[in-house]
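Below: the structure, in structure tokens.
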Amino acid sequence: MHMVYIIASETTGLWYYGYTTDPSQRLMAHNAGLNKSTCNRGPWKFIFQRSFDTKTAALEFEIYLKKSRNKDYIKRAFGEFFL
């Protein structure tokens, strides 16, 4: 399973967009401070998860979300994938 996710910081409200094949392990890594971009900004929780059949499709969608960077648009366009 290839998954694109958004996590939100419970302290700052910041969003982080990412790709993984192991959601549980990835969230644990973010909360343990193992990711430079999310270190010291957590705790983090999943707010969005979308699965893809191929890694290519997932990575293309991740890039699309990162380029959008518009929370309101993402919520409207992809609301069905928010948790």
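Bear in mind that the values in this text are calculations on the coordinates, not laboratory data. Not measured: the values here are computed from a predicted model. Here the Cβ positions follow ideal geometry from the backbone for every residue, glycine too, while neighbour counts run over all protein chains shown.
The coefficient of translational diffusion for the chain, derived via Stokes-Einstein from the alpha carbon Kirkwood radius under 4 °C and 1.567 mPa s, stands at 101 µm²/s.
Near the amide H of Leu14, within less than 5 Å, lie the amide hydrogens of Ser9, all on another chain or at least 5 residues away, with H placed in the peptide plane. Sorted on the mean count of surrounding Cβ atoms within 10 Å across their residues, most packed first, peptides 32-39, 47-54, 2-9, 15-22 read 2-9, 15-22, 47-54, 32-39. Only helical DSSP H runs with n ≥ 4 go in: add -39500 (n - 2.57) per run for the chain, normalise by residue count and round the 222 nm mean residue ellipticity to 500 deg cm²/dmol. Rounded to the nearest 500, it is -10500 deg cm²/dmol.
With the simple spin-label model, which puts each label point 7 Å out from Cα in the Cβ direction, the Lys45 to Ala57 separation comes to 3.0 nm.
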